[in-house]
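What follows is one structure encoded as structure tokens, with my remarks underneath.
The values are calculated or read from the model by the stated rules, or taken from the named source; none is laboratory data. Because the structure is predicted, anything quoted here is derived from the model rather than measured.
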Amino acid sequence: AQADIIDDTIGNIQQAINDAYNPDRGRDYEDSRDDGWQREVSDDRRRQYDDRRRQFEDRRRQLDDRQRQLDQERRQLEDEERRMEDEYGR
């Protein structure tokens, strides 16, 4: 356990020295990590958007299908009503 603490401390000191001599290098690494994270978040948001868009399109198709069914039922009802009127001579 103590050896791990010493190794971590030495690693931190080496990193601090490297950062002091090459400040931009560490920043580039951080920036690339940030860019990767942003791309990942961006990809997730794109997938969420695409999923929601598909859900809306599916719902719209369902509503269109229901509307067609209702229109067909209305025409059938009107036909039946016309036949009844004709049958009773009105």
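Points to keep in mind about this one:
- From the options E73, E30, residue that is at pLDDT below 90 and not small (G, A, S): E30
- Against the criterion of being among the small types (G, A, S), within 37 Å of the chain's Cα centre (by Cα) and modelled with pLDDT under 70, G36 does not qualify.
- The conditions of being at pLDDT 90 or above, within 33 Å of the chain's Cα centre (by Cα) and in a helix (DSSP H, G or I) are met by R54.
- Lone qualifier among R82, R47 - being in a helix (DSSP H, G or I) and modelled with pLDDT under 95: R47
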